[in-house]
Ligand code: IDP
Ligand code: MG
């Protein structure tokens, strides 16, 4: 079953959106298989956002993402990578539709509340930054049969 890395950014924590955001993913049917709170340091920011090092917004991004605790999680489910991106909404909240997390709760790209991996490969890379194998839980839920037609593997 596909997995993705999702992170409630420091503004999401400060603005009391942790419960609201987790609730959306839970209600959708995705399974939380890992979760923790942590504060990122500069080295973690450079690792996570390696592709953005050197871009004009990188320093602001590094300051933002290390400015307070984040909630890191791994979600599991069918097409979870693309679906979480859709639920998060466009990177710039000005372009994020209503009903998306960024569309409903954010205004500026530099305070866009949530992160979600952009591909299965990115998800694998990002999950490994934040979680060891022992920190991820493999388990079944009785509701799985009410969320999937076929029992998920
Ligand atoms: P994504 O988070 O939707 O994958 P990316 O383009 O990978 O978007 O950018 C990573 C993060 O960097 C964004 O979520 C946002 O917090 C920040 N960011 C991206 N572009 C800008 C910008 O132009 N100004 C300020 N921050 C930006
Ligand atoms: Mg990205």
Quiz item: Out of all the residues in the stretch 81-104, which are assigned to a helix (DSSP H, G or I), more than 15 Å from the chain's Cα centre (by Cα) and surrounded by 15 or more Cβ atoms within 10 Å (Cβ to Cβ)?
Solution: 93, 103, 104
Exercise. Being outside any helix (DSSP H, G or I) and within 8 Å of ligand 1 (Cβ to nearest atom) is the filter; apply it to the stretch 50-80 and report the residue that is farthest from residue 139 (Cα to Cα).
Key: 56
Quiz item: Which of the residues belonging to the stretch 57-80 are in contact with a strand residue (DSSP E or B) (Cβ under 9 Å, 6 or more places away or on another chain) and within 23 Å of residue 46 (Cβ to Cβ)?
Solution: 65, 69, 70, 71, 72, 73, 74
Quiz item: Within the stretch 105-112, is even one residue surrounded by fewer than 22 Cβ atoms within 10 Å (Cβ to Cβ) and within 15 Å of ligand 2 (Cβ to nearest atom)?
Solution: yes
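Read-outs: derived from the displayed coordinates by stated rules, not from any lab. On a predicted model such as this, the values are computed, not experimentally measured, just so you know. Positions of Cβ are generated from backbone atoms using ideal geometry, with glycine treated the same way; all protein chains shown enter the neighbour counts.
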